[in-house]
Amino acid sequence: MSEPSETSALGVLRGIVGPGVIITGWQLMSSSFLGGVCPAYAGFAICLAECIWEPWLVRRPYQLQVFGVGIICLFFDLFTIGVAFVRAPLDVSAFGIGPVYNLNPGALDWKPFYNELDIVFANQSDMPYENINILVRPDVPVAGIAQIGNLPEVSFRDRYGIVGNASVQNLKTNETTKAVILATDAGYNVFCKEIPARSSLQLVMETVGIKPSPPPSGSILQGGQMAVPSYARPQDFSFMQAVPDVVEGKTFHYWLGSKDVTSIFVPNVTPSIVTVRGSYLGGHRQREIGQDVSGKRMADPLPRVR
């Protein structure tokens with residue numbers, strides 16, 4: 001006599017519970033490694049238990065059970081080696097090139113006192129890295145950042161999202177100049193949708209020194225307008241905005257002023273350390289990166305990626 005249909009349906013349901021838990025855990029690994037890998041391994045345990053104690057298999061020749069256990073162990077090993085504990089390092093290198101002559105890397109607005117700093121994020125694995133969100137902070141001020149290359153969906157934002165919406169006015173002549181961000185030592189957040197396998201994200205930064213004694217400070221009036229002495233031209237004026245960071249216990253700075261200001265800059269400044277920290281998705285797993293990269297001094301520019 002055949003078993004009732006309800007019993008057969010229950011057996012099929014039990015049979016898909018283990019694989020379903022494995023797949024669910026695999027998908028959860030992208031947001032939480034432990035929150036995903038633990039259910040996945042629990043799913044393998046359920047599959048193994050079903051293979052050992054399932055009545056339908058118990059009544060069959062034992063070779064079928066041995067074959068089933070072997071298949072489960074095979075997929076367990078493949079998951080462990082190829083998914084759960086696969087290595088997915090993001091290699092970071094920093095190269096101080098020096099002053100830029102007759103070149104325009106990154107299509108930035110280069111000035112004679114800027115130095116070029118190239119930073120390379122290399123994916124040397126056979127899988128793509130996704131959702132890259134990394135803070136890049138050299139130990140010197142940065143006047144601009146851009147990508148060298150053509151990876152899609154790459155964007156940048158200064159660390160604290162400061163907007164240079166102030167203006168400078170000469171009270172005697174009523175001459176007004178909009179203040180822009182000239183440089184910052186707070187660093188930049190880099191966002192990249194994907195770094196393909198065996199590829200890299202290459203960035204270029206304009207590094208510059210700032211004189212410790214900037215021009216005389218004025219007073220910021222309501223509406224974000226700064227009044228300057230009558231002898232000062234707005235286009236020559238600049239000021240500094242300090243941003244205390246209670247989490248890091250440091251104070252970072254933004255220098256603002258006219259885009260034509262040159263008096264506060266010090267040329268030929270190359271960083272010795274570049275702080276890199278953030279996260280990316282590699283091998284279905286959220287990974288963290290945090291390191292201080294030594295800046296290598298290069299005599300000649302790196303080959304440009306077109």
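Has segment 22-41 got at least one residue that is closer than 30 Å to N268 by Cα and in contact with an Asp or Glu (Cβ under 9 Å, 6 or more places away or on another chain)? Scanning segment 22-41, I find no residue that is closer than 30 Å to N268 by Cα and in contact with an Asp or Glu (Cβ under 9 Å, 6 or more places away or on another chain), so the answer is no.
The rows are residues; the columns are (1) closer than 26 Å to I273 by Cβ; (2) in contact with a Ser or Thr (Cβ under 9 Å, 6 or more places away or on another chain).
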position: G82; (1), (2): no, no
position: R87; (1), (2): yes, yes
position: F113; (1), (2): yes, yes
position: F121; (1), (2): yes, yes
position: I134; (1), (2): yes, yes
position: A143; (1), (2): yes, yes
position: N150; (1), (2): no, no
position: S167; (1), (2): no, yes
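Considering (1) in contact with a Ser or Thr (Cβ under 7 Å, 6 or more places away or on another chain); (2) closer than 18 Å to A183 by Cα, the lone condition that F156 does not fulfil carries the number (1). Against the test of being part of a strand (DSSP E or B), in the same structural domain as G290 (by TED's automatic domain parsing), touching a Pro at 6+ places or on another chain (Cβ under 8 Å) and modelled with pLDDT under 75, the options T177, T251 yield a single qualifying residue, T177. Among the conditions (1) within 30 Å of S125 (Cα to Cα); (2) modelled with pLDDT under 85; (3) surrounded by 13 or more Cβ atoms within 10 Å (Cβ to Cβ), I220 misses just one, which is (1). What do you reckon, is P196 surrounded by fewer than 19 Cβ atoms within 10 Å (Cβ to Cβ) and at pLDDT below 90? So P196 does not fit the description; no. Of all residues in segment 115-125, exactly one satisfies the criterion of being small (G, A, S) and in a strand (DSSP E or B), namely A122.
Mind checking which residues of segment 126-150 are surrounded by fewer than 18 Cβ atoms within 10 Å (Cβ to Cβ) and part of a loop (DSSP other than H, G, I, E, B)? Of everything in segment 126-150, those that are surrounded by fewer than 18 Cβ atoms within 10 Å (Cβ to Cβ) and part of a loop (DSSP other than H, G, I, E, B) turn out to be D126, M127, P128, D139, G149, N150. Restricting attention to segment 258-279, the residues that are surrounded by 14 or more Cβ atoms within 10 Å (Cβ to Cβ), at pLDDT below 85 and over 29 Å from the mean Cα position of the chain (by Cα) total 2. Of all residues in segment 154-167, those being of a type outside the set (D, E, K, R) and at pLDDT 70 or above number 7. Flag not set for P112, criterion: assigned to a loop (DSSP other than H, G, I, E, B) and under 23 Å from the mean Cα position of the chain (by Cα).
The values are calculated or read from the model by the stated rules, or taken from the named source; none is laboratory data. Values in this document were obtained by computation on a predicted structure and should not be read as measured data. When we count neighbours, we look across all protein chains shown, and the Cβ atoms used for this are built from the backbone with ideal geometry, even at glycine.
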